[in-house]
Structure formats: C-alpha cells, structure tokens
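Comments concern the structure below.
The values are calculated or read from the model by the stated rules, or taken from the named source; none is laboratory data. Note that the coordinates shown come from a computational prediction; the quantities given were computed from them, not determined experimentally. Cβ coordinates were reconstructed from backbone atoms using ideal geometry, including for glycine residues, and neighbour counts include every protein chain displayed. Ligands, DNA and RNA are stripped out before the accessible areas are found, and what is left, the full protein with its side chains, is counted by its heavy atoms. Shrake-Rupley method; radii C 1.70, N 1.55, O 1.52, S 1.80 Å.
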Amino acid sequence: FFDASDGRFALINPAQLQVTSPNGGESWPLGSPQNITWTPGGTSSTVRIILFNKAAKIGQIVARVPASQGAYAWNAGHYAGGIAAAGIHYAIRIKADDGSQDDFSDGPFILVD
C-alpha cells in the first residue's frame, strides 16, 4: 500500500533564517509604517535588509539589526538611496552578516501610491 500526497508541501529547516512579512501578496502604501519580520533561525549575528524589484537590487533598507529582534519598523519603500517607485514585483532579502544564511520573500509584494 502507498498513497501520494494530495498537495504540495515543503520541508523547512527550522534553524534557517526566513522572511515572514512581506512574504507575497501584500499591498503596502508608500511611506506607510510596516513591519518587516523574520524568524532568526540558527543565526545569532546581525542581519541586513535589502529591497529588490524583479530580482534587481534596489537598495539596502538597514545595515545591521540583531537577528534575534525578528522585526524591523519600515516606512514602506524607503531605502538608503531614496524611495522606491510604486510598483509590483518587490521582494525583501534578509541576509546574515556572517554570510551563513539568507532568505527572500516567497512571493512579490506591491508598493502603491
């Protein structure tokens, strides 16, 4: 006897750094207060938060945040070089400063005017 799964599933390493918000499907007004959140996984270092659009780096949001903090208060669209344009296909990357782990939003989010 055997039975195949009726749906897709993923095995997740609980010790892995993971973006939890925005993680796909959100629509955030530019300049609005939003929380970027993550699970720190097994890293005890600091993390960098970077904004991407269509897999192209837009800019760094913040250079160093303790991984254990698990959240960063963000004015949506703001990054070190300015303010992103309204649009679709944005993603967040959280990267451990020691280079051991990183993660991107699972799906795109939208920045609206």
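In terms of its C-alpha gyration tensor, segment 28-99 comes out prolate, because a/c is 1.5 or above and the ratio a/b outweighs b/c. A cut-off of 5 Å between modelled amide H atoms, ignoring neighbours fewer than 5 places along the same chain, links GLN18 with THR39, GLY41. ASP103 sits with roughly 40 Å² accessible to a 1.4 Å probe, with DNA, RNA and ligands left out of the calculation. Applying 1/(1 + (r/R0)^6) with R0 = 41 Å to the Cβ-Cβ distance of ASN75 and ALA4 gives a FRET efficiency near 0.30.
Assuming charge only on the beta carbon of Lys and Arg (+1) and of Asp and Glu (-1), the dipole of the chain about its Cα centre is about 360 debye to the nearest 20. Entry comment: accessible area of segment 34-113 is 48 Å² per residue, from protein heavy atoms only and a probe of 1.4 Å.
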